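One structure below.
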Amino acid sequence: MSVLIFLIVLYVLLGLSMMKLFEKAGIPGWKALVPGLAAIEWCKLIGRKPRYALWFLFPIVNIFIYAGMVIDLIRSFGKHGFFDAVLAVVFAPIPFFMVGRDEKATYQGPILEKEREYHRLHHEAIEKKDTLALKKIEAQFPYFKKSATREWAEAIIFAVFAAAFIRMFLIEAYVIPTSSMEGSLKVGDFLFVSKAHYGIRTPMTVIQFPLMHNRLPFDMGESYLENPKLPYYRFPAIETVQRNAPVVFNWPVGDSVILTPERSWDLHQARLRFGNEFLKRSEIITRPIDKKDHYIKRCVGISGDSIQIKAGQLFVNGQAAQNPAHMQFAYELKSPTGNSFNAKKLEDIGVSMYDRQEGERGEMFFQLDANQLEKVRSFGLSAERGKGRPRPGYLFPNDPKRFTDWSVDDFGPVWVPKKGATTPLNLDNLAFYSRVIAVYEGNQLEVKGGKIYINGQEVSSYTFKQNYYWMQGDNRNNSEDSRFWGYVPEDHIVGKPLFIWFSTKGGSIRNGINWNRIFKSATGL
């Protein structure tokens, strides 16, 4: 509703700003306020056929149509400068008000008709090699002749605008930075991610540096301004998020982070790992939803599901879940002879040497799926599976005094909230839903005298406002996922991975290229 109100206000302002322009061109000003009719008259003003207005009915495309028409409108009133065009695209309706109040700015006829006439005469003069005629044409239409610098500047700006637009609304390139999906999606895989499949999410951050997600190069700071901002809105989806589908989403707990050279830490993680003194001397960066870090995991639980893990096996609603084809666990490899491993043999079966981990006692762990485990043992190596240790406070619901026997291999049960569902609320289960209530759904949550208050009212239950999902990595012993920070809200969903368009070994071109992974589907893995 808030988005609809915003669009109505924007339309009214645009109409009011165009009333004076219409009147200057001899058109009744009231027509600028009538939907449909205003677009038709606008087309006539700039030299387009009335049916051209139908393009405004096509989502996404209409943004490009609008950008071109606002430029042509101010050009029809004699504003041909480079910055006039930029101002019209970025800050309309302000330039329309300015042109309307400028007594010197008069309507000079449909600019596109003049432009077509200019190009026709210019083409004829060039064919006839008539230099005198060329000079007369350029003198008659001086505003159509652009310098090489301006031609390049406009071409670059349009290319950046188009690329930023496609990235923002349709398809974004994404690279796998960590091994949490290793076996299915490898470090160094470059993906194309569709933002339309789960519904195009309109930008919430208004002012941002083009083609940058949340950080400028060379650690120059954040790439956006938090304000002004727009409310969350998502267009209808092509399909819903399904169990076992890989999904790209914004890191739910990434709203307040501390950056280190290695990675981003949310405040709870940083406090557990480094202590309060580290937080006091560190810069805390706050980020809106659409500027939180991107993560990719497999959706193993949808809204309303009950999740539990027993000895590494995931159970959904009490039934053993279908495991990913290349699900991995950590195994300690040892050679009976004490010799070092044959790295080439391991690489040949897809075991990453770049992803091995050293244990607390110096033991070496490798991430293996079932097929790789069988082959490794056929090489004469012993492979003992590592056990996930209980980590009080690290695992969701992040209560260091309770759930102390939970680990990444033995976890739950946990219920995934569903929009419209109501759950009893008490001090025993509040830890599971406190962040949902206070952060994701924007309520004021308090506990006073052993009682729970939401927005000042004592409550014993809560009804959820949106759907949530449970995400886990296929690399089950080496993935930071919902087991650590809980549910992924629906408004954090970014898109659906389509296919791998490039892949480097270990995330570096110096290690070589994974030719067999290029153009491989990212959803059937």
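Quick note: the coordinates plus some simple rules give every number you see, no bench work behind them. Because the structure is predicted, anything quoted here is derived from the model rather than measured. Here the Cβ is made from the backbone with ideal geometry for all residues, glycine too, and neighbour counts use every protein chain on show.
Its Cα gyration tensor gives the chain an equivalent ellipsoid. The semi-axes, each the square root of 5 times an eigenvalue, are 54, 31, 19 Å from largest down. Report the calculated FRET efficiency for residue 356 and residue 11 (r = Cβ-Cβ distance, R0 = 60 Å), to the nearest 0.05. Efficiency, from the Cβ-Cβ distance: 0.55.
Contact order, relative form, for the chain: 14 percent (alpha carbon pairs under 8 Å, 6 or more residues apart, mean separation divided by residue count).
For the pair residue 57 and residue 279, the difference between a 0.36 nm per residue extended length and the Cα-Cα distance amounts to 74.9 nm. Modelled label positions at residue 391 and residue 347, each set 7 Å beyond Cα in the direction of Cβ, lie 3.0 nm from each other. Evaluating kT/(6 pi eta Rh) at 10 °C and 1.306 mPa s, with the Kirkwood radius of segment 210-342 over Cα pairs in the Stokes-Einstein relation, gives 83 µm² s⁻¹. Counting only aspartates and glutamates at least 8 places from residue 31 when in the same chain, those with an alpha carbon closer than 15 Å to its own are 23, 41. Among the lysines, which fall within straight-line cross-link reach of residue 24, defined as a Cα-Cα distance under 19 Å, with same-chain neighbours fewer than 8 residues apart omitted? Leaving aside lysines fewer than 8 places away in the same chain, those within reach of residue 24 are 44, 79, 104, 114. Against the compact-protein benchmark of 2.2 N^0.38 Å, the Cα-based radius of gyration of segment 428-481 scales to 1.45.
For segment 2-109, list log₁₀ I(q)/I(0) at each q in 0.15, 0.22, 0.24 Å⁻¹, using the Debye formula over Cα point scatterers of equal strength and ignoring solvent, two decimals each. The computed values of log10 I(q)/I(0) come out as -0.58, -1.35, -1.61. Under a cut-off of 30 Å between alpha-carbon atoms, report the lysines in cross-link reach of residue 375, not counting same-chain residues fewer than 8 places apart. Correct list for residue 375: 186, 297, 310, 334, 344, 345, 387, 505, 520.
Could you tell me whether segment 397-501 comes out rounded, prolate or oblate from its Cα gyration tensor? Rule is a ≥ b ≥ c as square roots of the eigenvalues, rounded for a/c under 1.5, then prolate if a/b exceeds b/c, otherwise oblate. Numbers along the way, then the final one.
Details: a/c = 2.70, a/b = 1.46, b/c = 1.85.
Because a/c hits 1.5 or more and a/b fails to exceed b/c, segment 397-501 counts as oblate.
Spin-label model, residue 377/residue 150: points 7 Å from Cα along the beta carbon direction are separated by 7.5 nm.
Evaluating 6.51 cos²θ - 1.76 cosθ + 1.60 at θ = phi - 60° for every residue in segment 182-187, the Karplus couplings come out as 4, x, 9, 10, 9, 4 Hz, glycine and proline recorded as x.
Note that segment 356-459 shows a convex hull volume over its alpha carbon atoms of 155 Å³ per residue. In a DSSP loop and with at most 10 other Cβ atoms within 10 Å, there are no chymotrypsin sites (Phe, Trp or Tyr not before Pro) in segment 6-52.
Taking the average, over residues, of other Cβ atoms within 10 Å as the packing measure, peptides 421-430, 397-406 rank 397-406, 421-430 from highest down.
One chain, two ends: residue 158 and residue 370. Fully extended at 0.36 nm per residue, the span grows by 71.3 nm beyond their Cα-Cα distance. Across segment 465-489, the residues whose backbone nitrogen lies under 18 Å from the label position 7 Å along the beta-carbon direction of residue 268 are 468-473, 479-489.
To the nearest 0.05, what FRET efficiency results for residue 448 and residue 308 with a Förster distance of 35 Å applied to their C-beta separation? Using R0 = 35 Å, I get an efficiency of 0.60. Computed from point charges on the beta carbon alone (+1 for Lys and Arg, -1 for Asp and Glu), the dipole magnitude for the chain about its Cα centre is near 800 Debye.
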